[in-house]
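K.L.:
This structure is in structure tokens; I'll ask about it shortly.
The values are calculated or read from the model by the stated rules, or taken from the named source; none is laboratory data. This structure is a prediction, so every number in the text was calculated from the model and none was measured. Here the Cβ positions follow ideal geometry from the backbone for every residue, glycine too, while neighbour counts run over all protein chains shown. Only protein heavy atoms, including side chains, enter the accessible area calculation; ligands, DNA and RNA are left aside. Shrake-Rupley method; radii C 1.70, N 1.55, O 1.52, S 1.80 Å.
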Amino acid sequence: MSLSEAEVQSARGAWEKIYVDAEDNGTAVLIRMFTEHPDTKSYFTHFKGMDSAEEMKQSDQVRGHGKKVFSAINDMVQHLDNSEAFLGIVTPLGKKHATQLKIDPKNFRIICDIILQLMEEKFGGDSKASFEKVTNEICTHLNNIYKEEGW
């Protein structure tokens, strides 16, 4: 992993701020993704009938998946200083999304960019800057897994 110890600590500090409210912030990220990139909703058959942001915000399924996304990223953030453990989280996640769920890998960049936007809106540019390298690492590793799986 190409993050220094200082970068790891800075990224963890930025992440902790947004992860404190994982369900609401995860939900906000998904709603923004579904609103700004409506094609992403096609992967979630149980979200298709929801058209308004308010309806999505109230949905237990959307809220649950938002929290699940944030929990997975939190696991990765906790292992930024241990490449083997980090890959132990990213690899099965990437394989599942590539082979079983058949999710287009561009969606990981979309969701990471939205997380960075939300961080900047809520906590300023320093938080975004501290976490940007992490999202790049996550997306790079996921893209590599997709390539290995024949995408």
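K.L.:
Given the options LYS67, LYS41, name the one that is free of Cβ contacts under 8 Å to residues at least 12 places away in the same chain and within 17 Å of the chain's Cα centre (by Cα).
P.N.:
Exactly one residue qualifies, and that residue is LYS41.
K.L.:
Within segment 48-91, take every residue that is open to solvent by less than 50 Å² (accessible area, probe 1.4 Å) and in contact with an Asp or Glu (Cβ under 6 Å, 6 or more places away or on another chain) and give me the one that is farthest from LEU30 (Cα to Cα).
P.N.:
Applying the filter and picking the extreme gives ILE89.
K.L.:
Would you point out the residue of segment 28-47, among those that are open to solvent by 70 Å² or more (accessible area, probe 1.4 Å) and of a type in the set (Ser, Thr, Tyr), that is modelled with the lowest pLDDT? Break it down into steps so the answer makes sense when it comes.
P.N.:
Start the filter on segment 28-47 by keeping residues that are open to solvent by 70 Å² or more (accessible area, probe 1.4 Å), which leaves 35-36, 38-39, 43, 45-46.
In the following step, the residues that additionally are of a type in the set (Ser, Thr, Tyr) were identified as 35, 43, 45.
Numbers: THR35: 94, TYR43: 91, THR45: 87.
Top of the filtered list is THR45.
K.L.:
For segment 10-21, indicate whether the set of residues that are under 24 Å from LYS133 (Cα atoms) and part of a loop (DSSP other than H, G, I, E, B) is non-empty.
P.N.:
Going residue by residue through segment 10-21, those that are under 24 Å from LYS133 (Cα atoms) are 10-21.
Among the residues that remain, those that are also part of a loop (DSSP other than H, G, I, E, B) are: 20-21.
Yes: one or more hits.
K.L.:
On to the next question. Could you say which residue among GLU120, GLU149 is closer than 23 Å to GLY13 by Cβ and of a type in the set (Asp, Glu)? Can you show your working first?
P.N.:
Details: GLU149 fails: closer than 23 Å to GLY13 by Cβ.
Testing whether each residue is closer than 23 Å to GLY13 by Cβ and of a type in the set (Asp, Glu) leaves just GLU120.
K.L.:
Would a scan of segment 108-124 turn up a residue that is surrounded by 17 or more Cβ atoms within 10 Å (Cβ to Cβ), more than 15 Å from the chain's Cα centre (by Cα) and modelled with pLDDT of 95 or more?
P.N.:
no
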